[in-house]
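Trainee: The structure follows.
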Amino acid sequence: PGASEVSNLLLGFGCALLCCVGWAAEAVICAYRYKNPDITDEHALQIRQLTSALFYGVVIMTVLGGWNFTLDILPSTATMIIALSALFGTASYVFYYRAIATIGATKAMALNITYSAWSIVFAFLLLHTLPDLKSIIDSIQSLRELLYSEVKGQNHVIEQVLNGYFGIEALPNN
C-alpha cells in the first residue's frame, strides 16, 4: 500500500494461491462427502473445525512460539472481541456448509465470496469507516454478477438456498 516497497511478492502470491487451492479443495471434498446421507453439514463442520483447531494449537502455535502471548492476552478485553468474532465466524461456516450441502460447492462459493461486499456495509455501519472507490466498485461487481445470474434464470441460487435451508418456497413469477 502507498509508497511502501514489496519485499517478497512471489511468497505473497504463493501463499494466496495455496489459500485458494485449499479453499476450493475444502468445498469440493465437503460436497463429495455430503453424498453420504449419514454425514450432515453440522458433522462435517465439527470435524473441520476440530481438525483445524488441533493443527493450529499443536503445530502452528508451537512452531511460532505463540503460547506465551496467548496466555498473556486471555484476561484482556481483546479476548471477548476475539470470542465474539469467532461466534460470527462459526455461524458463517454453518451457513456455508449448509449451502454446500444444499446447492453444491460451486454455487455456495459464489454466494460466499459476496462477503467482501458485506464487509464494507458492516464496516460503515459498525466502525463508521468510509470505503474507498475501488472497494465500492469491486463489491458492486461481486453482487451484480450473482444477481445477474439470478435475473437471467441461469442458476436460481437464491431460490435453492431459501428452499433447501429454510424451507421457504420462492415467490411465483408474475
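Trainee: Please tell me if Arg144 is assigned to a helix (DSSP H, G or I), of a type in the set (D, E, K, R) and under 22 Å from Gln46 (Cα atoms). Outline the logic, then answer.
Mentor: On the way: assigned to a helix (DSSP H, G or I): yes; of a type in the set (D, E, K, R): yes; under 22 Å from Gln46 (Cα atoms): no.
So Arg144 fails the test.
Trainee: Check every one of the helices (runs of 4 or more DSSP H) wholly within region 34-120 and list those with 3 or more residues that are within 30 Å of Leu130 (Cβ to Cβ). Give the derivation first.
Mentor: Numbers: elements: 41-55, 61-64, 67-73, 77-103, 105-112.
Here the list reads 77-103, 105-112.
Trainee: What are the pairs with Cβ atoms under 8 angstrom where one residue, in region 77-94, is free of Cβ contacts under 8 Å to residues at least 24 places away in the same chain and the other, located anywhere, is in a helix (DSSP H, G or I) and open to solvent by 100 Å² or more (accessible area, probe 1.4 Å)? Sequence gap at least six, or different chains.
Mentor: Ser92/Tyr115
Trainee: Can you find a residue that is of a type in the set (Phe, Trp, Tyr), under 30 Å from Asp38 (Cβ atoms) and open to solvent by 50 Å² or more (accessible area, probe 1.4 Å) anywhere in region 89-101?
Mentor: Yes, region 89-101 has at least one match.
The values are calculated or read from the model by the stated rules, or taken from the named source; none is laboratory data. Not measured: the values here are computed from a predicted model. Every residue, glycine as well, gets a Cβ built from its backbone with ideal geometry; the counts of neighbours run over all protein chains shown. The accessibility values were calculated without ligands, DNA or RNA, using every heavy atom of the protein model including side chains. Shrake-Rupley method; radii C 1.70, N 1.55, O 1.52, S 1.80 Å.
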